[in-house]
């Protein structure tokens, strides 16, 4: 049956198309704007890394084997000397301090930190300690790159992991040789900054981009007048600032709140090698590629067997172990991954591999090396 074109029907479709187009424009939303403080930082105002050698005590037999880790004994000897206790070298060599572990302590000293401020610290085993769980870090000076002491650390460790062993079997969740102490260090010395020096300050962009540098300079000049800011290159913007300390702080506070139209965020993939966590941001895209992924499993079983001598032979009953090793390797199928321009498509493509998060760590690095992953890989 034929249908005739109805002029009224075609006329009614025009407002509907216009309504859909208007809704699309409405949901498109304005261009995302970021504050200057989110895309740039003031040059010279930065944190500093601190590190120190320390000892963790109070472990339940999971510390260092001092016969193989002599610096644990030496570290404890130096600490005891500070307390007025001196042991002969022969006695120190005989000590079995399984409840003590040598560690490296790291911390980040923020800008403008003052004496008395508390810092979070990370504690990592330096020797062959099995676990730091339940241990206490004794007084550890933390030094900067210049060798001076800027903080002092001490406290009880928090270890985000668990482990158990029995009968030769062992199960471990996460790392037991790394711990953290919130507010575990106290600042002892300040680091001078050049914030109040000179008639200008420099803004350092988080990422080198000439477009962003130009927009930052334009935003500052629009607010404070022409000639106040000028972009020196793709990462640095020089800004004239008041010389009075209070006026300069107020100027910086207002400047950092200025809105800047930001470009698309840089694509980045964050990989936590300890826990196997993988996080992708919205800008990550995937090029077409082919991946072969297979699993390799090794199974070792041990069966005890008893050798019984003949009667009156004078022999002894002997128990021996018969071990069998089974290696199974699944064939790796070549899987074609289509190009993915959206985050949802990237996730769908990676899930099609059927790989575990630990396997994805290596797969993503291989895809990046092949040039099919348009993102920056960052391992934390």
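Between residue 369 and residue 46, the modelled labels are 3.0 nm apart [label points 7 Å from Cα along Cα→Cβ].
Under 11 Å from a label point set 7 Å out along the Cα-to-Cβ vector of residue 154, the amide N atoms of the stretch 105-148 belong to 137-141.
Determine, from the Cβ-Cβ distance of residue 87 and residue 57 and an R0 of 25 Å, the FRET efficiency 1/(1 + (r/R0)^6), rounded to the nearest 0.05.
Details: r = 16 Å, r/R0 = 0.64.
Here the calculated transfer efficiency is 0.95.
Taking 0.36 nm per residue of sequence separation and removing the Cα-Cα distance, the residue 290/residue 270 pair yields an extension gain of 4.9 nm.
Here the gap between residue 37 and residue 380, fully extended at 0.36 nm per residue and compared with their Cα-Cα distance, gives a gain of 121.1 nm. Ranked by how many other Cβ atoms sit within 10 Å of their own Cβ, fewest first, the residues 269, 149 fall in the order 149, 269. Over the stretch 194-261, the hull volume per residue, using the convex hull of the C-alpha atoms, is 83 Å³. Can you give the FRET efficiency to the nearest 0.05 for residue 104 and residue 310, using r as the Cβ-Cβ distance and R₀ = 45 Å? Taking R0 as 45 Å, the efficiency between residue 104 and residue 310 is 0.15. Full extension of the chain between residue 282 and residue 186 yields a length gain of 30.7 nm, computed as 0.36 nm times the residue separation minus the alpha carbon distance.
Every read-out reported here was derived from the displayed coordinates using simple, explicitly stated rules and does not represent laboratory data. Remember, it's a predicted structure, so these values are computed and weren't measured experimentally. We place every Cβ from the backbone using ideal geometry, glycine too, and count neighbours over all the protein chains shown.
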